[in-house]
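Asks: I'd like to ask you about the structure that follows.
The values are calculated or read from the model by the stated rules, or taken from the named source; none is laboratory data. Note that the structure is a prediction, hence the values are computed from the model and not measured. FYI the Cβ positions are ideal-geometry reconstructions off the backbone, even for glycines, and counts take in every protein chain you see.
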Amino acid sequence: NAGVTQTPKFRVLKTGQSMTLLCAQDMNHEYMYWYRQDPGMGLRLIHYSVGEGTTAKGEVPDGYNVSRLKKQNFLLGLESAAPSQTSVYFCASSSHRGTDQPQHFGDGTRLSIL
Amino acid sequence: QKEVEQDPGPLSVPEGAIVSLNCTYSNSAFQYFMWYRQYSRKGPELLMYTYSSGNKEDGRFTAQVDKSSKYISLFIRDSQPSDSATYLCAMSAISGTYKYIFGTGTRLKVLA
């Protein structure tokens, strides 16, 4: 009963370091999303993908890059981490058209940038 | 003004109470409305999903949409301590943007 799996669950980085967050889904969903969740801000969309090999910018894409080389995986990269990127990152996926199918979420990656 | 407004709470109720959680929104194009439950240190999980106006019931949960007032509600009957969580509303328009707008969430505590 895996659903959406995110790795790692926790990470502490120093300013300027880089890292990649991995999201894997086993539901054969076409659409995948990366969000960040901050207190008082709700979930904000960073990037999303509507299929293998595609990516698009969301609401807050600056400082992040993504790749969707395989349908089941969606990677979020931070090239040069900044303290403002301290957040909880959630990956989600959905089937068919994104706006009329609910999204299924992973349990998040808690990232602290010192 | 945010597109979706949700009272952050916390809302504390005794076990067995009826809970009412609400969101207001400003975009009349929203057609799809969802409620997610999020336990501490977990991802959001879908509770209710409705299209357009009306009510939908699932066990102890009822979702209500009033598009004329741009107002949605989630009612929880016979609330249990296990219902203690943050409840997020989310909504989207039929625009093909694959984008959901989430409320900031309401923290609910059900006291035994």
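Asks: Please work out which one of (1) over 14 Å from the mean Cα position of the chain (by Cα); (2) assigned to a loop (DSSP other than H, G, I, E, B) is the condition B:SER82 fails and give its number.
Replies: So the condition that B:SER82 fails would be (2).
Asks: Looking at (1) among the aliphatic types (A, V, I, L, M); (2) away from chain A (no Cβ under 11 Å); (3) surrounded by 13 or more Cβ atoms within 10 Å (Cβ to Cβ), which one does B:ALA112 not meet, given that it meets all the others?
Replies: Checking B:ALA112 against (1) among the aliphatic types (A, V, I, L, M); (2) away from chain A (no Cβ under 11 Å); (3) surrounded by 13 or more Cβ atoms within 10 Å (Cβ to Cβ), the one that fails is (3).
Asks: Residues being in a strand (DSSP E or B) and either of a type in the set (Ser, Thr, Tyr) or free of Cβ contacts under 8 Å to residues at least 40 places away in the same chain (or both): count how many of those fall in the stretch A:49-73. Walk me through it before giving the result.
Replies: Kept after step one, since they are in a strand (DSSP E or B), are these residues of the stretch A:49-73: A:49, A:56-57, A:64-67, A:73.
Cutting the leftovers down to either of a type in the set (Ser, Thr, Tyr) or free of Cβ contacts under 8 Å to residues at least 40 places away in the same chain (or both) gives us A:49, A:56-57, A:64-67.
Number of matching residues: 7.
Asks: Just to verify a result, which residue in the stretch B:52-69, among those that are under 22 Å from B:LEU11 (Cα atoms) and not in a strand (DSSP E or B), is farthest from the chain's Cα centre (by Cα)?
Replies: Among them, the one singled out is B:GLY59.
Residue-wise test of (1) of a type in the set (Phe, Trp, Tyr); (2) at pLDDT 95 or above; (3) within 30 Å of B:PRO10 (Cα to Cα); (4) surrounded by fewer than 14 Cβ atoms within 10 Å (Cβ to Cβ).
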site	(1), (2), (3), (4)
A:ARG11	no, yes, yes, no
A:THR15	no, yes, no, yes
A:LEU21	no, yes, no, no
A:TYR35	yes, yes, yes, no
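Asks: Another question, then. Within the bounds of the stretch A:34-45, is there any residue that is within 24 Å of B:ARG41 (Cβ to Cβ), touching a Ser or Thr at 6+ places or on another chain (Cβ under 6 Å) and either aliphatic (A, V, I, L, M) or touching a residue at least 40 places away in the same chain (Cβ under 8 Å) (or both)?
Replies: There is at least one residue in the stretch A:34-45 that is within 24 Å of B:ARG41 (Cβ to Cβ), touching a Ser or Thr at 6+ places or on another chain (Cβ under 6 Å) and either aliphatic (A, V, I, L, M) or touching a residue at least 40 places away in the same chain (Cβ under 8 Å) (or both).
Asks: For B:ALA90, are the conditions met, namely being surrounded by 14 or more Cβ atoms within 10 Å (Cβ to Cβ), within 14 Å of another protein chain (Cβ to nearest Cβ) and not aromatic (Phe, Trp, Tyr)? Working first, answer last.
Replies: On the way: surrounded by 14 or more Cβ atoms within 10 Å (Cβ to Cβ): yes; within 14 Å of another protein chain (Cβ to nearest Cβ): yes; not aromatic (Phe, Trp, Tyr): yes.
Against the criterion (surrounded by 14 or more Cβ atoms within 10 Å (Cβ to Cβ), within 14 Å of another protein chain (Cβ to nearest Cβ) and not aromatic (Phe, Trp, Tyr)), B:ALA90 qualifies.
Asks: Go through (1) farther than 28 Å from A:TYR48 by Cβ; (2) surrounded by fewer than 21 Cβ atoms within 10 Å (Cβ to Cβ); (3) modelled with pLDDT of 95 or more for B:GLY54 and report which single condition fails.
Replies: All conditions are met except number (3).
Asks: Let me ask something additional. Is one or more of the residues making up the stretch B:6-20 more than 14 Å from chain A (Cβ to nearest Cβ) and under 22 Å from A:ASP38 (Cα atoms)? Full working, then the answer.
Replies: As a first pass, look at the stretch B:6-20 and keep what is more than 14 Å from chain A (Cβ to nearest Cβ): B:11-20.
Cutting the leftovers down to under 22 Å from A:ASP38 (Cα atoms) gives us B:11.
Taking every residue of the stretch B:6-20 in turn, at least one turns out to be more than 14 Å from chain A (Cβ to nearest Cβ) and under 22 Å from A:ASP38 (Cα atoms).
Asks: Same structure, new question: Look at B:ALA63 and say whether it is among the hydrophobic types (A, V, I, L, M, F, W, C) and free of Cβ contacts under 8 Å to residues at least 40 places away in the same chain.
Replies: Numbers: among the hydrophobic types (A, V, I, L, M, F, W, C): yes; free of Cβ contacts under 8 Å to residues at least 40 places away in the same chain: yes.
For B:ALA63, the condition - among the hydrophobic types (A, V, I, L, M, F, W, C) and free of Cβ contacts under 8 Å to residues at least 40 places away in the same chain - is met.
Asks: Further question: Looking for something touching a Leu at 6+ places or on another chain (Cβ under 7 Å), surrounded by fewer than 19 Cβ atoms within 10 Å (Cβ to Cβ) and either on the phi > 0 side of the Ramachandran plot or within 14 Å of chain B (Cβ to nearest Cβ) (or both) - is there at least one such residue anywhere in the stretch A:61-78?
Replies: The answer is yes, given that some residue of the stretch A:61-78 is touching a Leu at 6+ places or on another chain (Cβ under 7 Å), surrounded by fewer than 19 Cβ atoms within 10 Å (Cβ to Cβ) and either on the phi > 0 side of the Ramachandran plot or within 14 Å of chain B (Cβ to nearest Cβ) (or both).
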